[in-house]
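A.B. asks: One structure, as structure tokens, below. Some questions next.
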Amino acid sequence: MIGLRLYPLAISLSQPYNTLMKKLTLLGNLSPEEFLRDYWHKKPLLIRQAIPQFTPPVNAAQLIALATREEVESRLVTHFRQKWQLQNGPFAELPDIKKKEWTLLVQGVNLHDPAANALMRQFNFLPDTRLDDLMISYASDGGGVGPHFDSYDVFLLQAQGQRRWQISTQKDLTLVDSMPLKILRNFTAQQEFILEPGDMLYLPPQCAHDGVATGECMTYSVGFRAATYQELGESFLQFMSDSIDLPGRYADPGLKASTHPAEISKDMLDNIAQELSKVEFTSDDIAVFVGEYLSTPKHSVFFDAPKRPLTPVKFLAAARRRGIQLALKTRMLYRGKNIFMNGESFGVSGTDKILLSQLADTRLLEGAALAKASEDMQETLCLWYEDGWIQLNSAD
């Protein structure tokens, strides 16, 4: 049997997470440190009423509207007549909610809805380098995506209706062949429970699970990034190709006559190997690569530049009055003297470093703080504003 702890909880969505030692009702009165030590990557955690009286910030009608848009990643999973099918959006229409066993999945809802983004940011006791997105599933009675496992951690928050979850820590993760979905061939449930609105379930990677809607149902999934080392390695080699400096050209002044003209000589291989061994990378190279890699938006993400942008002078004046905030789609990180924004890196120091680090951590800056920014930083902020990476705070 899987060991699960259940808690009665209460939480405010404005509750701050200022310390690893503070008990969080979102985590069942565990501190982030306790959660990471005892559960993260280790075992499931079921939390009853993680958010009491939870009202979904995105309702079914709004979710369906998002699924009609070209720039929004959406999928439709059906299990009609015992046959699994998967379709990619956008969708002009969906099956009737009275028809059983279908599920709409909308990825990256936090990129399009401020309230959804605010909900996802309640999990910022975990680093932005790991936090991925908020996916919402909307299902008819019996809807689901079949028994499966994820390669990343996930929090499953019940938003509307009920969902029956079966979970298992089984080692057999063999998948059914020739299926449009990654469905486990031999799923054996070890525990089963029903989640009501406000209940939440944390699952570590490779924990097998199967969620089935009981009536009309909506579930919010907060997922996390977990790149394979193969992906990281390939991307790092591409990154280093822009900075490798190997002067000179292959030469062989001591070349000897060959009786086998098609054979690659050992001397040639040794010569090239010696030169390639001069390729080196430093910890700074790793830091810049990781920052640019993890801050790069997904290929489906496009930024919305202001339709009628303010002039730099008017923008800075308004920014000092209202403050600025990151656009929903912006990913911003930092390490040491480097700031990373949407796949680009910038070297900063002094007050600018403090201000931009604060912008990355909190995703906003008060207007008064901008008075301390250097001219270079102010110019950069104007460019970011024109590109749609930042915007004025929504309220005066």
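The values are calculated or read from the model by the stated rules, or taken from the named source; none is laboratory data. This is a predicted model, so every value here is computed, not measured. All Cβ positions, even for glycine, are placed from backbone atoms using ideal geometry, and neighbour counts span all protein chains on display. Ligands, DNA and RNA are excluded from the accessible area calculation, which covers all protein heavy atoms including side chains. Shrake-Rupley method; radii C 1.70, N 1.55, O 1.52, S 1.80 Å.
A.B. asks: Among the lysines, select those whose C-alpha is under 25 Å from the C-alpha of residue 256, and discard any that sit fewer than 8 residues away in the same chain.
C.D. replies: Counting by Cα, and skipping residues close in sequence, residue 256 has these lysines nearby: 266.
A.B. asks: If you put +1 on each Lys and Arg Cβ and -1 on each Asp and Glu Cβ, how big is the dipole of the chain around its Cα centre, in Debye rounded to 20? Each step should come with its number before you reach the end.
C.D. replies: Working: 40 positive and 47 negative charges, 260 e Å.
Approximately 1260 debye in magnitude.
A.B. asks: So, one more: Taking springs between alpha-carbon atoms closer than 10 angstrom, which of 271, 88, 124 fluctuates most in the Gaussian network model of the chain?
C.D. replies: Answer for the Gaussian network model of the chain: 271.
A.B. asks: Below 8 Å between Cα atoms, with a sequence gap of 6+, how large is the relative contact order for the stretch 140-266 in percent?
C.D. replies: Details: 212 pairs, mean separation 46.4, N = 127.
In percent, rounded to a whole number, it is 37.
A.B. asks: Going down the table (298/329; 43/171; 43/100; 337/372), which pairs top 21 Å between alpha carbons? Before the final figure, lay out each step's value.
C.D. replies: Details: 298/329 10 Å; 43/171 14 Å; 43/100 32 Å; 337/372 18 Å.
As for pairs spanning more than 21 Å Cα to Cα, those are 43/100.
A.B. asks: Using the Cα atoms as the points, what is the convex hull volume per residue of the stretch 262-335 in Å³?
C.D. replies: Dividing the Cα hull volume of the stretch 262-335 by its residue count gives 223 Å³.
A.B. asks: Test of understanding: in a Gaussian network model of the chain with alpha carbons linked when under 10 Å, which of 311, 169, 55 would top the mean-square fluctuation ranking?
C.D. replies: It is 311.
A.B. asks: Which one, 126, 228, 58, is farthest towards the positive end of the dipole of the chain when Lys and Arg carry +1 and Asp and Glu -1 on their Cβ?
C.D. replies: Selected residue: 58.
A.B. asks: While we're on this one: Among 144, 323, 347, which one shows the highest mean-square fluctuation when the chain is modelled as a Gaussian network with alpha-carbon springs under 10 Å?
C.D. replies: The residue with the greatest mean-square fluctuation here is 347.
A.B. asks: Sequence neighbours fewer than 8 away in the same chain don't count; with that in mind, list the aspartates and glutamates whose C-alpha is under 16 Å from residue 98.
C.D. replies: Those aspartates and glutamates meeting the cut-off are 141, 216.
A.B. asks: Separation between the residue 23 and residue 272 pseudo-spin-labels, each 7 Å from Cα along Cα→Cβ, expressed in nm?
C.D. replies: 6.5 nm
A.B. asks: Using the Cα centre of the chain as origin and beta-carbon charges of +1 (Lys, Arg) and -1 (Asp, Glu), tell me which of 238, 271, 21 is placed farthest towards the positive end of the dipole.
C.D. replies: 21
A.B. asks: I've got another one for you. Filter the GluC sites (Glu not before Pro) in the stretch 220-282 down to the DSSP loop ones having no more than 10 other Cβ atoms within 10 Å, then list what survives.
C.D. replies: Loop-located and lightly packed - 263, 280.
A.B. asks: Right, next: Heavy-atom accessible area per residue, the chain, 1.4 Å probe: how many Å²?
C.D. replies: 55 Å²
A.B. asks: If you don't mind, there's one more thing I want to ask. Output the relative contact order of the chain, whole-number percent, from Cα pairs under 8 angstrom with separation of 6+ residues.
C.D. replies: Numbers: 735 pairs, mean separation 55.0, N = 396.
Reported relative contact order: 14 percent.
A.B. asks: Now, a different point. For the stretch 260-345, which chymotrypsin sites (Phe, Trp or Tyr not before Pro) pass both filters: DSSP loop (anything but H, G, I, E, B) and at most 15 other C-beta atoms within 10 Å?
C.D. replies: Loop-located and lightly packed - 281, 302, 303.
A.B. asks: Restricting to DSSP H runs of at least four residues, report the calculated mean residue ellipticity at 222 nm for the chain, -39500 (n - 2.57) per run over all residues, nearest 500 deg cm²/dmol. List each step's numbers first, then the result.
C.D. replies: Working: 10 runs with 98 residues, N = 396.
Helix contribution divided over all residues of the chain: -7000 deg cm²/dmol.
A.B. asks: Using a probe of 1.4 angstrom, how much of the accessible area of the stretch 236-386 is carbon and sulfur, in percent? Could the numbers behind the result be given before it?
C.D. replies: On the way: 5690 of 10190 Å².
Whole-percent figure for carbon plus sulfur exposure: 56.
A.B. asks: Next up: Under the Kirkwood approximation for Rh and a Cα-based Rg, what ratio Rg/Rh is obtained for the stretch 210-368? List each step's numbers first, then the result.
C.D. replies: Working: Rg = 25.0 Å, Rh = 21.0 Å.
Ratio value, two decimals: 1.19.
A.B. asks: Further question on the same structure: Could I get the Rg over Rh figure for the stretch 136-275? Both from C-alpha atoms, Rh via Kirkwood, rounded to two places.
C.D. replies: Details: Rg = 26.8 Å, Rh = 19.7 Å.
Checking Rg against Rh, the ratio lands at 1.36.
A.B. asks: Another question, if that's okay. Which one, (1) 23, 46, 28, 3, 0; (2) 26, 58, 15, 0; (3) 23, 48, 23, 6, 0, gives P(r) over Cα pairs in 20 Å bins from 0, in percent as derived from the coordinates shown?
C.D. replies: Structure-derived value, by its label: (3).
A.B. asks: Okay, moving on. Cross-link partners among aspartates and glutamates for residue 353, C-alpha distance below 19 Å, same-chain residues fewer than 8 apart left out?
C.D. replies: 128, 284, 292, 344, 361, 366, 375, 376, 379
A.B. asks: Give me the percent of Cα-Cα pairs in the stretch 151-203 that sit more than 14 Å apart, rounded to a whole number.
C.D. replies: Details: 866 of 1378 pairs.
Here the tail beyond 14 Å accounts for 63 percent of pairs.
A.B. asks: Given 0.36 nm per residue, what is the gain on full extension from residue 118 to residue 262 after removing their alpha carbon distance, in nm? If you can, show how the numbers build up before the last one.
C.D. replies: Details: separation 144, 0.36 × 144 = 51.84 nm, distance 6.45 nm.
Here the answer is 45.4 nm.
A.B. asks: Now for a different question. Below 11 angstrom from the Cβ of residue 248, what's the summed charge of the other residues (Lys, Arg +1; Asp, Glu -1)? Kindly include the intermediate steps, with their values, before the conclusion.
C.D. replies: Working: positive: 249, 278; negative: 245, 275.
Spelling it out: positives minus negatives among the neighbours equals 0.
A.B. asks: Hey, another quick one. Principal axis extents for the stretch 36-194, Cα atoms only, whole Å, descending order, please.
C.D. replies: Cα spread of the stretch 36-194 along its principal axes, largest to smallest: 46, 40, 30 Å.
A.B. asks: Return the whole-Å distance between the Cα centroid of the stretch 317-396 and the Cα centroid of the stretch 139-174.
C.D. replies: 38 Å
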